[in-house]
């Protein structure tokens, strides 16, 4: 049985989701991949930290975190030790960063990933913060230390877009990636197609938990723009910063625009795009009319989808969930399994 | 530079497509993956064979094969040496089987794959013959000899369904795979939706080269049924033989059926399905009404698509080409790159 030792950093819904997934999948991972994932470090700024060289009981840790504090687990501390001090206390194979995203600074994700890689530990993240800010730098640091950085669930949660590009599409040259990468705005546009006003659709998205209380990051296209930066670096190896992405959100889209498009056999979607042009790689996020026969046109609600234009395969489209704690945690798990070679 | 030595077996459109792809991608493979693919054996029952320990010039070989014979290349023979004798003459890392499919016997693919694996050589195939007939046996043989068998392009040509299941979806448990896996029948159904009769749509599919002169294998669902066997073994590890698949083709579908479905917001698609049930894994191919909001409903013409029902990610759909020499050759190439670890 191959032992995989991980540090869980950030214990919001996704961090707790990963801990639960590891508990749920224990037998499956052992039987199918011959591996056991041990959680040897947990670190959360609010809920506390623990170092457990023999691994914590994931169900007990999950239940404690769900109650808001790790302190009921023997050995936990609320003294906020630094990540490097936690990593110095036991061998860790992967730091799993599941902290919230700050588009502008990239923190705390960027610092966590840098600390992990600098310490010679593989890093896996679902945050758009660090990889959206400086994927090239993180990759260089990883290469330098002989470890890897993975980030499947930073775009389309666990829907395997990034790992499909990296693995099964190897050998293809991709010239364009275009799709629906923000579930909140797609939900709002879908509701507006059904006649709801923008304001009502936004309120409904907030009620369902898709949109934040301050929905600016979604509706103005910032979330999608960060994902364009990540896709650009992944697909084209081209550094793109947030400000390089041409960005128009959905706040100006009216029910009339949508009705007019539908009358012409088209749907209005917020399309995020990274594309190789004769003038270099360009990134954009903007409301776009899509022919209703195109696969992206039919993607409704909070579902996400990306179409890749390739040289050998023409167009490939992948459709799947764009959010969710369990979906995002799956992306973390699949990154880990891929790096250790369990899935081969 | 990592040298990858391959044997090309079967030089129809796909075999020639692979040789051309390797020529076209030479620089890309060197720069991006640090590898060079050398074609050290070519074998075709009609066009001749060659063993070239230093590698053939792929462009010269392609042009000769396109003219119908390898004999213009120095060292070629038309004496039909056996594959094992060809493999004994130089080191080969991969046998690439691109021979035509016979659903019933699995030959010649099955024998080629068995010979390759028995000789301690990795095998990659685009044929549904061998893997459709006895994937479990081939896998066991490969394991026994310390090599691998790969078959991405046997289903959905190079669209990376099989490798997505194996790699990026590792850790997910899949309960159902359902989709459009035969381009000819999907093209016919799409034309019938637009008002064309079955007979006219079939004739048009034949004119475009989608359908064979004898279209039985497509329209009666045999091609799709073999793919169900391959998916069943891949996803569930469940042996399924051709006769185990419940099979209804499209010959009984009328324009009225299609019109009635459309009036109810549904599309008629030939759906191939492998599913885990309380009564074991079941396979089926049958015309099915799909809600027009589902991603499979919008898949038109010769495009293919499969939706996977998973525990962690809900439903994931991949849409892409289902045929084509270059598309299929890409699947062979991506299998090779994955096995040698070039894409990691």
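The values are calculated or read from the model by the stated rules, or taken from the named source; none is laboratory data. On a predicted model such as this, the values are computed, not experimentally measured, just so you know. Here the Cβ is made from the backbone with ideal geometry for all residues, glycine too, and neighbour counts use every protein chain on show.
Residue-level analysis places residue A:104 among those that are surrounded by fewer than 18 Cβ atoms within 10 Å (Cβ to Cβ) and closer than 27 Å to residue A:152 by Cβ. Residue-level analysis places residue A:199 among those that are without any contact (Cβ under 8 Å) to a residue 40 or more places away in the chain and more than 14 Å from chain B (Cβ to nearest Cβ). Can you find a residue that is farther than 28 Å from residue B:315 by Cβ and surrounded by fewer than 22 Cβ atoms within 10 Å (Cβ to Cβ) anywhere in region B:223-238? Checked region B:223-238: no residue is farther than 28 Å from residue B:315 by Cβ and surrounded by fewer than 22 Cβ atoms within 10 Å (Cβ to Cβ). Only one of the listed residues (A:322, A:301) is within 17 Å of the chain's Cα centre (by Cα) and more than 8 Å from chain B (Cβ to nearest Cβ). That residue is A:322.
Please work out which one of (1) surrounded by 21 or more Cβ atoms within 10 Å (Cβ to Cβ); (2) touching a strand residue (DSSP E or B) at 6+ places or on another chain (Cβ under 7 Å); (3) over 30 Å from residue B:1 (Cβ atoms); (4) facing chain A (nearest Cβ under 10 Å) is the condition residue B:292 fails and give its number. Status for residue B:292: all satisfied but (1). When region B:40-60 is limited to residues that are in contact (Cβ under 8 Å) with a residue 40 or more places away in the chain and in contact with a helix residue (DSSP H, G or I) (Cβ under 8 Å, 6 or more places away or on another chain), the one that is farthest from residue B:11 (Cα to Cα) turns out to be B:41.
So if I check each of B:82, B:49, B:43, which one is exposed (fewer than 14 other Cβ atoms within 10 Å of the Cβ), under 19 Å from residue B:112 (Cα atoms) and at pLDDT 95 or above?
On the way: B:49 fails: exposed (fewer than 14 other Cβ atoms within 10 Å of the Cβ); B:43 fails: exposed (fewer than 14 other Cβ atoms within 10 Å of the Cβ).
Result of the check over B:82, B:49, B:43: B:82.
Residue count for region B:304-319 under the criterion of being surrounded by fewer than 20 Cβ atoms within 10 Å (Cβ to Cβ), in contact (Cβ under 8 Å) with a residue 60 or more places away in the chain and either more than 15 Å from residue B:271 (Cβ to Cβ) or within 10 Å of chain A (Cβ to nearest Cβ) (or both): the result is 1.
Inspect region B:208-222 for any residue being at pLDDT 95 or above and surrounded by fewer than 14 Cβ atoms within 10 Å (Cβ to Cβ) and give the result as yes or no. Among the residues of region B:208-222, not one is at pLDDT 95 or above and surrounded by fewer than 14 Cβ atoms within 10 Å (Cβ to Cβ), which makes the answer no.
Filter region A:144-173 down to the residues that are part of a helix (DSSP H, G or I) and within 13 Å of chain B (Cβ to nearest Cβ), then identify the one that is surrounded by the fewest Cβ atoms within 10 Å (Cβ to Cβ). Reasoning before the result, please.
Step one: filter region A:144-173 for residues part of a helix (DSSP H, G or I), giving A:144-145, A:152-154, A:161-166.
From what's left, within 13 Å of chain B (Cβ to nearest Cβ): A:152-153, A:161-166.
On the way: A:152: 27, A:153: 32, A:161: 29, A:162: 24, A:163: 25, A:164: 23, A:165: 24, A:166: 19.
The residue in question is A:166.
Screening residue A:9 against (1) over 23 Å from the mean Cα position of the chain (by Cα); (2) crowded, with 21+ Cβ neighbours inside 10 Å leaves a single unmet condition, (1). Only residues that are away from chain A (no Cβ under 14 Å) and at positive phi were counted across region B:26-61, and they come to 2. Within region A:257-266, the set of residues being in a strand (DSSP E or B) and either surrounded by fewer than 18 Cβ atoms within 10 Å (Cβ to Cβ) or without any contact (Cβ under 8 Å) to a residue 12 or more places away in the chain (or both) is empty. When each of A:177, A:136 is tested for being over 22 Å from residue A:46 (Cβ atoms), within 20 Å of the chain's Cα centre (by Cα) and surrounded by fewer than 17 Cβ atoms within 10 Å (Cβ to Cβ), the lone residue that passes is A:136.
Would you tally the residues in region B:325-340 being more than 8 Å from chain A (Cβ to nearest Cβ) and within 15 Å of residue B:124 (Cβ to Cβ)? Walk me through it before giving the result.
First, pick out the residues of region B:325-340 that are more than 8 Å from chain A (Cβ to nearest Cβ): B:325, B:328, B:331-332, B:335-336, B:339-340.
Filter once more, so that each one left must be within 15 Å of residue B:124 (Cβ to Cβ): B:328, B:331-332, B:335-336, B:339-340.
Qualifying residue count, region B:325-340: 7.
Looking at this structure, is residue B:267 farther than 19 Å from residue B:176 by Cα, within 14 Å of chain A (Cβ to nearest Cβ) and modelled with pLDDT of 95 or more? So that I can check it myself, show each step before the final result.
Working: farther than 19 Å from residue B:176 by Cα: yes; within 14 Å of chain A (Cβ to nearest Cβ): yes; modelled with pLDDT of 95 or more: yes.
Yes; evaluated as a whole, the condition is true for this residue.
Of the residues making up region A:246-256, one or more are more than 29 Å from residue A:138 (Cα to Cα), surrounded by fewer than 19 Cβ atoms within 10 Å (Cβ to Cβ) and either modelled with pLDDT under 95 or touching a helix residue (DSSP H, G or I) at 6+ places or on another chain (Cβ under 7 Å) (or both).
Among the listed residues B:70, B:138, which satisfies the condition of being closer than 17 Å to residue B:226 by Cα and in contact with a strand residue (DSSP E or B) (Cβ under 6 Å, 6 or more places away or on another chain)? Step through it out loud before you land on a result.
Working: B:70 fails: closer than 17 Å to residue B:226 by Cα.
After ruling out the rest, the residue left standing is B:138.
Restricting attention to region A:30-39, the residues that are farther than 12 Å from residue A:7 by Cα and either touching a residue at least 12 places away in the same chain (Cβ under 8 Å) or within 22 Å of the chain's Cα centre (by Cα) (or both) add up to 5. Selection over region B:65-79 of residues that are surrounded by 22 or more Cβ atoms within 10 Å (Cβ to Cβ) and either under 20 Å from residue B:130 (Cβ atoms) or more than 24 Å from the chain's Cα centre (by Cα) (or both) gives a count of 1. Examine region A:112-120 for a residue that is within 26 Å of residue A:36 (Cβ to Cβ), touching a residue at least 40 places away in the same chain (Cβ under 8 Å) and in a loop (DSSP other than H, G, I, E, B), and state whether such a residue exists. No. Taken over region B:1-39, the criterion of being in contact with a helix residue (DSSP H, G or I) (Cβ under 9 Å, 6 or more places away or on another chain) and assigned to a loop (DSSP other than H, G, I, E, B) is satisfied by B:1, B:10, B:11, B:12, B:25.
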